[in-house]
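Written below as structure tokens is the structure these notes are about.
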Amino acid sequence: MAEWIKRAVISGKAQADNKQLKDNVSDILLDIEKRGDKAVRELSLRFDNWERDTFLVSPAEIEKCMSVLTEVEYNDILFAQAQVRNFADAQRSTMRDLEVETLPGVILGHKHIPISAAGCYVPGGKYPLLASAHMSIVTAKSANVQRIASAAPPYKQALAPYIIAAQHLGGADEIYSLGGIQAVAAMALGTESIDPVDIIVGPGNAYVAEAKRQLFGRVGIDLFAGPTETLLIADETVDGEMCATDLLGQAEHGIDSPAVMITHSRRLAEDTLKQIERILDILPTAAIARQAWTNHGEIILCENHAEMARMSDFYASEHVQIMTSDDDYFLQNLQNFGALFIGPRTNVAYGDKVIGTNHTLPTNKAARYTGGLWVGKFLKTCTYQRILTDEASAMIGAHCSRLCLMEGFVGHAEQANLRVRRYGHQDVPYGGAAK
């Protein structure tokens, strides 16, 4: 039976806040749809205190942002993007077009077709998250998306140089200095100055996530994303300092970021609690991390590996880090996770920033039914069929006719019957079933 050494604090305010957030986002989206650029400009001034003649970043401004980078910073961005590109290209190579003869003369197939235009949102109001540019733009390029628009908010009332450099180096065709709902909606719906895209990808705050949710259907989206989540599965092969560091390293994302540890060692659980308090006293981002840990942090004591795995699958966390005496047990048995980080030599920060796997991942238990952003999200798998012989068409037609009439679709049946008459030389009356 699992025991909670520390539980999250449950807040009853979230549901009310969520309804107000939905209503606010809906009103903003309607306003942008009606008034286009004028609404976008007003919203940018209201939310980001940011106004420009055009939100499109010019080549001269891109060059100026690039000049801010040191040689080391420039090479680090290229290194990170190379890792993302290498993995995305490897994933793409597994997605092969298909053509198969399922019956004599019957050919079925599928093609993986790139989406025509993608809108990549890169959050940057609180932290300049240039890594999100790698994850979305570089991955879309690997899928051969022809037009990639990218948007990120200003940082401290100025162009965000690191983000713009990453967007440019990643291969964005258009870069907009625009944040929040107004950026996502402008790319999704289109305005006088911004052409609409076919899919919106990338993380963001609660307002951005809700905007994507409401826009889904008008455009595609990568996934429904909430606050960053991390979950550790650990035993005494590691110590409390490592566990505490990895929990708080993700808790600094935001005050609503859950950080959970699952272990079967009471000693490790208690040591981790002590180390968390020690690190919070010296962590520069402790104001955020402490609130996240206090309200959303948990440590759960389980009896064995099997119970630890069941508990992890129940949480279905965005990031699951495994540091145990039998990591392969969890690799083989876990089912619900956004991404796994196996062994103490890796960690979530590697995945967030540089190692090559994508950091846009499912939250709020969405890992029960989806994985994260990957090259396949920018591809449409579209099927086709071809029949090569008269005999095959007549044979399929006979089955099709009878199946259609079971459903009462006489017009459908006649589509089949016409082929039976033409290619099978059978006398099938209109609306009758092919024998």
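What to note about this one:
- Each residue in the range 65-89 was checked for being of a type outside the set (D, E, K, R), surrounded by fewer than 18 Cβ atoms within 10 Å (Cβ to Cβ) and either in contact with a Phe, Trp or Tyr (Cβ under 7 Å, 6 or more places away or on another chain) or more than 14 Å from I355 (Cα to Cα) (or both), and 8 pass.
- Any hit, the range 168-188, residues being of a type in the set (D, E, K, R), out of contact with any Cys (no Cβ under 6 Å at 6 or more places or on another chain), surrounded by fewer than 20 Cβ atoms within 10 Å (Cβ to Cβ) and farther than 25 Å from A80 by Cα: no
- A single entry from T357, T294, T285 fulfils the requirement of being open to solvent by 50 Å² or more (accessible area, probe 1.4 Å), farther than 29 Å from A90 by Cα, under 29 Å from the mean Cα position of the chain (by Cα) and of a type in the set (V, I, T): T294.
- Number of positions in the range 215-233 that are more than 16 Å from P362 (Cα to Cα) and surrounded by 19 or more Cβ atoms within 10 Å (Cβ to Cβ): 4
- Only listed residue being at pLDDT 95 or above, more than 29 Å from the chain's Cα centre (by Cα) and either under 20 Å from P153 (Cα atoms) or in a helix (DSSP H, G or I) (or both), chosen from K34, K38: K38
- When the range 371-391 is filtered for residues that are open to solvent by 70 Å² or more (accessible area, probe 1.4 Å), assigned to a strand (DSSP E or B) and within 30 Å of D352 (Cβ to Cβ), the ones remaining, listed by number, are K380, T381.
- Filter pass, E192 being in a loop (DSSP other than H, G, I, E, B) and either surrounded by fewer than 24 Cβ atoms within 10 Å (Cβ to Cβ) or at pLDDT 95 or above (or both): yes
A quick yes/no check of all residues on (1) over 19 Å from V219 (Cβ atoms); (2) touching a residue at least 12 places away in the same chain (Cβ under 8 Å); (3) in contact with a Pro (Cβ under 9 Å, 6 or more places away or on another chain):
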position	(1), (2), (3)
V72	yes, no, no
Q83	yes, yes, no
F87	yes, yes, no
S93	yes, no, no
M135	no, yes, yes
T139	no, yes, no
A158	yes, no, no
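- Applying the set (1) touching a residue at least 60 places away in the same chain (Cβ under 8 Å); (2) of a type in the set (V, I, T); (3) not in a loop (DSSP other than H, G, I, E, B) to I276 leaves exactly one unmet item: (1).
- Pick from the range 124-158, criterion aliphatic (A, V, I, L, M), over 23 Å from G190 (Cβ atoms) and modelled with pLDDT of 95 or more, ranking: surrounded by the fewest Cβ atoms within 10 Å (Cβ to Cβ): A131
- Criterion applied to E210, E236 was being in a helix (DSSP H, G or I) and open to solvent by 10 Å² or more (accessible area, probe 1.4 Å), and the one residue passing it is E210.
- Here G431, G424 are screened, and the one residue that is modelled with pLDDT under 95, touching a helix residue (DSSP H, G or I) at 6+ places or on another chain (Cβ under 6 Å) and within 21 Å of L103 (Cα to Cα) is G424.
- Identity of the residue in the range 311-322, buried (at least 24 other Cβ atoms within 10 Å of the Cβ) and under 21 Å from the mean Cα position of the chain (by Cα), that ends up farthest from A234 (Cα to Cα): E318
- Matching option when the condition is of a type in the set (F, W, Y) and within 25 Å of R213 (Cβ to Cβ), among Y350, Y329, Y384, Y315: Y315
Results for (1) more than 17 Å from A160 (Cβ to Cβ); (2) of a type in the set (S, T, N, Q); (3) under 26 Å from the mean Cα position of the chain (by Cα), shown as yes or no for each residue.
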{"site": "T54", "(1), (2), (3)": "no, yes, no"}
{"site": "K64", "(1), (2), (3)": "no, no, no"}
{"site": "F79", "(1), (2), (3)": "yes, no, yes"}
{"site": "A82", "(1), (2), (3)": "yes, no, yes"}
{"site": "D89", "(1), (2), (3)": "yes, no, yes"}
{"site": "R92", "(1), (2), (3)": "yes, no, yes"}
{"site": "L108", "(1), (2), (3)": "yes, no, no"}
{"site": "P114", "(1), (2), (3)": "yes, no, yes"}
{"site": "P123", "(1), (2), (3)": "no, no, yes"}
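- Candidates S325, S265: the one that is farther than 23 Å from G356 by Cβ, among the polar types (S, T, N, Q) and open to solvent by less than 30 Å² (accessible area, probe 1.4 Å) is S265.
- Look at the range 392-412: where a residue is at negative phi and part of a helix (DSSP H, G or I) and a partner is open to solvent by 20 Å² or more (accessible area, probe 1.4 Å) and modelled with pLDDT under 95, sitting 6+ places away or on another chain with Cβ atoms under 6 Å, you get A394/G424; S401/A433; R402/A433; L405/A433; V410/G431.
- Scanning the range 305-329 for residues that are in a helix (DSSP H, G or I) and touching a helix residue (DSSP H, G or I) at 6+ places or on another chain (Cβ under 6 Å), we see that the one that is nearest to G204 (Cα to Cα) is A309.
- Condition met for D271 (touching a residue at least 12 places away in the same chain (Cβ under 8 Å) and either assigned to a strand (DSSP E or B) or closer than 14 Å to E236 by Cα (or both)): yes
The values are calculated or read from the model by the stated rules, or taken from the named source; none is laboratory data. Remember, predicted model here, so these are calculated numbers, not experimental data. Counting neighbours? That spans all protein chains shown, and the Cβs are built from the backbone with ideal geometry, glycine included. To get the accessible areas, we keep the full protein, side chains included, count just its heavy atoms, and leave off ligands, DNA and RNA. Shrake-Rupley method; radii C 1.70, N 1.55, O 1.52, S 1.80 Å.
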